[in-house]
Amino acid sequence: MEYKNLLTTYKDGILVVTINRPKALNALNKQTLSDLRQLFEKDALNLEGLRGVVLTGAGEKAFVAGADITEFNGLDAQGGLDMAQNGHDIFFSIERFHVPVIAAVGGYALGGGCELAMACHIRVASDKALFGQPEVNLGLIPGYGGTQRLIQYIGKGRALELLMTADMIDAQKALDWGLANHVVPHGEEIEKAIEILKKIAKKAPLAISKTIATVNAYFDKEHDGFKQEVLQFAQTVKTEDFKEGAAAFLEKRKAVFQGK
Ligand code: CAA
């Protein structure tokens with residue numbers, strides 16, 4: 001897996017992806033977005049034994065400080081449409097990824113960076129993390145799903161306040177408001193994310209991917225989430241892992257899941 005702006009390591013079924021533009025606080029330029037698309041829509045899909053992904057940013061200061069503002073020059077309405085649609089497509093690929101993706105946030109998660117963290121399934125923040133949607137400072141609104149996903153995590157009133165004031169919130173407030181799942185000492189966020197992924201990796205893989213799809217369905221306005229739950233539940237009932245899980249429980253032993 002070769003990328004211009006991503007570093008990857010793969011061990012024990014867990015892929016750690018580092019956005020590697022620390023001098024620009026890991027801002028999402030076109031190349032980085034294209035790398036993320038290639039990873040989540042192609043390369044990682046074919047990775048043998050993949051059970052989870054950690055997404056993080058290089059350097060001490062930032063997860064991702066937003067879309068790359070140096071690429072905004074000359075952006076017209078059509079360019080804005082294309083840019084936002086491109087971001088939406090990639091972030092949906094992350095949100096709909098078949099194994100859990102955890103954002104390990106060790107610094108600024110602003111604008112497109114906060115949106116990227118929100119597209120992940122779980123967020124582990126270091127005690128130095130800062131979250132915000134400062135787009136109104138630039139005369140913009142979020143373009144990578146921020147207006148929709150922020151409401152999902154923190155509710156309409158708090159989302160509107162953050163979106164309109166451009167205020168940043170620290171890790172503790174993100175935790176209190178439901179934006180972060182955990183806060184850990186700075187530097188321990190990747191380790192904590194891996195620990196969570198290892199716990200999830202012990203469960204039945206198909207049940208995990210269907211959990212992701214079904215929870216996503218709640219927010220999918222084209223599909224009734226409750227109906228999706230019925231359909232996906234029926235799919236899990238068909239699996240060998242379900243038979244094994246139920247049998248193991250009744251036999252009072254640990255289940256051995258095969259992903260079938
Ligand atoms: N795009 C491009 N470059 C960026 C950047 C961004 N979003 N954020 C930071 N940088 C660059 C800076 O220009 C600077 O580069 P130079 O060293 O070449 O000058 C370098 O990263 C370090 O940044 P600062 O010197 O500004 O660092 P700081 O510690 O003083 O401030 C900060 C940190 C508060 C995060 C500040 O950099 C900042 O406000 N960045 C912009 C944040 C922002 O507005 N994000 C939203 C972008 S719009 C968006 O994301 C739209 C969308 O939804 C799709």
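The values are calculated or read from the model by the stated rules, or taken from the named source; none is laboratory data. Not measured: the values here are computed from a predicted model. Glycine gets a Cβ as well: all are built from the backbone with ideal geometry, and neighbour counts include every protein chain shown. When the accessible area is computed, the model is the full protein with side chains, heavy atoms only, and any ligands, DNA or RNA have been set aside. Shrake-Rupley method; radii C 1.70, N 1.55, O 1.52, S 1.80 Å.
Looking at region 8-39 only, could you name the residues that are in a strand (DSSP E or B) and among the small types (G, A, S)? Reasoning before the result, please.
Looking only at region 8-39, we keep the residues that are in a strand (DSSP E or B), and these are 8-11, 14-19, 28.
Of everything in region 8-39, nothing turns out to be in a strand (DSSP E or B) and among the small types (G, A, S).
Among the residues of region 132-161, those that are over 16 Å from C120 (Cβ atoms), more than 10 Å from the ligand (Cβ to nearest atom) and under 20 Å from the mean Cα position of the chain (by Cα) comprise I151, G155, A159. Of all residues in region 132-155, those that are open to solvent by 40 Å² or more (accessible area, probe 1.4 Å) have Cβ atoms under 6 Å from Cβ atoms of residues that are within 6 Å of the ligand (Cβ to nearest atom), 6 or more apart or on another chain, in I141/E135.
For region 31-41, the condition holds for at least one residue, the condition being that it is under 24 Å from A109 (Cα atoms), away from the ligand (no atom under 16 Å from the Cβ) and open to solvent by 60 Å² or more (accessible area, probe 1.4 Å). Against the condition closer than 25 Å to G132 by Cα, within 12 Å of the ligand (Cβ to nearest atom), modelled with pLDDT of 95 or more and of a type in the set (G, A, S), how does A58 come out, does it pass? Here the answer is no, as A58 does not meet what is asked.
Annotation note: Cβ proximity below 8 Å between a residue of region 61-74 that is closer than 8 Å to L110 by Cα and at pLDDT 95 or above and a residue that is within 6 Å of the ligand (Cβ to nearest atom) and in a loop (DSSP other than H, G, I, E, B) (sequence gap 6+ or interchain) occurs for V64/L25; V64/A27; A65/L25; A65/A27; A65/G111; G66/A27; G66/G111. Being surrounded by fewer than 20 Cβ atoms within 10 Å (Cβ to Cβ), away from the ligand (no atom under 13 Å from the Cβ) and over 18 Å from the mean Cα position of the chain (by Cα) holds for only one residue in N46, N20, and it is N46.
Being of a type in the set (A, V, I, L, M, F, W, C) and either more than 16 Å from the ligand (Cβ to nearest atom) or farther than 17 Å from N20 by Cβ (or both) is the filter here; which residues of region 96-109 pass it?
Across region 96-109, the qualifying residues are F97, V99, V101, I102, A104.
Beta carbons closer than 7 Å, at least 6 apart along the sequence or on distinct chains, pair a first residue in region 201-222 that is over 12 Å from V99 (Cα atoms) with a second that is open to solvent by 50 Å² or more (accessible area, probe 1.4 Å) and at pLDDT 95 or above for N216/R96; F219/Q152. Among residues of region 110-124 that are closer than 17 Å to A217 by Cα, those with a beta-carbon under 7 Å from a residue that is part of a strand (DSSP E or B) and not polar (S, T, N, Q) at least six positions away or on a different chain give the pairs C120/L55; C120/V101; C120/I102; C120/A103; H121/V101; H121/I102; I122/I102.
Each residue in region 1-49 was checked for being acidic (D, E), modelled with pLDDT of 95 or more and over 21 Å from K198 (Cβ atoms), and 3 of them qualify. For region 80-95, the set of residues classified as out of contact with any Leu (no Cβ under 9 Å at 6 or more places or on another chain), within 12 Å of the ligand (Cβ to nearest atom) and open to solvent by less than 50 Å² (accessible area, probe 1.4 Å) consists of A84 only.
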